[in-house]
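Notes to accompany the following structure.
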Amino acid sequence: MTRPETHRGACLCGGVVFEVDAPLRPVTTCHCTQCRKQSGHFWAATSVPHDRFRLIRDTGLRWFHASDSARRGHCGQCGAFLFWEPAGEARISFAAGALEGTTGLTIAERWFTEDGGDYDPEANAPPQGLPERLPASCLCGDCRFDLPAPAGPVTACHCLQCRVLSGHFSASFDADPNSLRWQSRLSERVFTTPGGASRGFCATCGSKLWFRAADGRFSVEAGVVDGPTGGRLARHIHVASMGDYYTIGDGLPQHAKDASDA
Ligand SMILES: [Zn+2]
Ligand SMILES: [Zn+2]
Ligand SMILES: [Zn+2]
């Protein structure tokens, strides 16, 4: 008998590593509010039965029960949103963006697009009025802030770090960090990347909050805003690093690396 094809996945800091044996279910994207907050945009996941899933390292793994029907797993050290496990079913879903190398997968379905962000051309958010300040919160409520409306242009980043942390790719808009009014930073945790950037996330629920580039530029994860942002996705960066399981079909400008190249 030949050994089944094995895929390896990991968070950014190495605190969570897993292996799965093929075949993997085609990828579904989920735009629901819970996935939006944890990923910072929307989540892309594939799935296997439990008997084809192995946790190799779990020192960073934290589970969050957003409801009775499922639990959600992230790395409490770097914030990567990795797992979704339904109660009473012998299967687990995991982030397509966390898989190493070639996946050979494609996106087959899009779920809850009506709950997606108003900035997201792949969602189908109903029109809503914009408040004076945008309320933002993590999934568990331990981290809450607001900031001036509207959000500016939203940048999608497909770099390896954003892929692994969000589970797919990130979406964020520039903001003045001093314009954020924090109501709670109870479980806020900061992960500093090897390149000197830092990323704020909620260590309890794994929601993505903000990003500070090594040069100091600050941005807010679009998915953490509770309601409409007034912003719109404007460009894709680091598409040279994007996963093999999706394509970009929105016609927006794409940059191989950062926004300064063509
Ligand atoms: Zn980690
Ligand atoms: Zn939280
Ligand atoms: Zn990135």
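We did not get these values from a lab; they are worked out from the coordinates using the rules stated. Computed from a predicted model, the values in this text were never measured in an experiment. Note: ideal-geometry Cβ built from the backbone for every residue, glycine included; neighbour counts use all protein chains shown.
Give me the Å³ per residue figure for the convex hull around the C-alpha atoms of region 44-168. Kindly include the intermediate steps, with their values, before the conclusion.
Working: hull volume 19.0 nm³, N = 125.
That works out to 152 Å³ per residue.
If you split all Cα-Cα distances of the chain into 5 Å bins from zero, what percentages do you get per bin, shortest first?
1, 6, 13, 19, 21, 17, 12, 6, 3, 1, 0, 0, 0
Suppose every K and R has +1 on its Cβ and every D and E has -1 on its Cβ; what is the size of the dipole of the chain about the Cα centre, in Debye to the nearest 20? Walk me through the intermediate numbers first.
Values: 26 positive and 28 negative charges, 115 e Å.
Dipole magnitude for the chain comes out near 560 debye.
Please list the equivalent ellipsoid semi-axes of region 6-110, computed as the square roots of five times the alpha-carbon gyration tensor eigenvalues, in descending order and whole angstrom.
On the way: eigenvalues 61, 56, 41 Å².
They are 18, 17, 14 Å, listed from largest to smallest.
Quick one: Cα centre-to-centre distance for region 146-171 and region 35-59, in angstrom?
For region 146-171 versus region 35-59, the Cα centre distance is 19 Å.
From the helices alone, meaning DSSP H stretches of at least four residues, give me the mean residue ellipticity at 222 nm for the chain, per-run term -39500 (n - 2.57), in deg cm²/dmol to the nearest 500.
Details: 2 runs with 14 residues, N = 262.
Only helices count here, giving -1500 deg cm²/dmol.
Rg to Rh for region 131-241: what is it, with Cα atoms only and Rh by Kirkwood?
Using only Cα positions, Rg/Rh for region 131-241 is 0.94.
For a quick protection proxy, order the peptides 249-257, 216-224 by their average other-Cβ count within 10 Å, most packed first.
Values: 249-257: 12.4, 216-224: 22.4.
Going from most to least packed, we get 216-224, 249-257.
Quick check on region 222-261: what are the equivalent-ellipsoid semi-axes from the Cα gyration tensor, as sqrt(5λ), descending, whole Å? Walk me through the numbers before you get to the answer.
Numbers: eigenvalues 96, 34, 21 Å².
The answer is 22, 13, 10 Å, longest axis first.
Report the calculated FRET efficiency for N178 and L252 (r = Cβ-Cβ distance, R0 = 35 Å), to the nearest 0.05.
Numbers: r = 30 Å, r/R0 = 0.84.
Computed FRET efficiency for N178 and L252 comes out at 0.75.
Give a quick list of trypsin sites (Lys or Arg not before Pro) in region 24-110 that DSSP marks as loop, anything other than H, G, I, E or B, with at most 15 other Cβ atoms within 10 Å.
Numbers: sites: R36, K37, R52, R54, R57, R62, R71, R72, R91, R110; in loops: none.
When the trypsin sites (Lys or Arg not before Pro) of region 24-110 are filtered for loop state and at most 15 Cβ neighbours within 10 Å, nothing remains.
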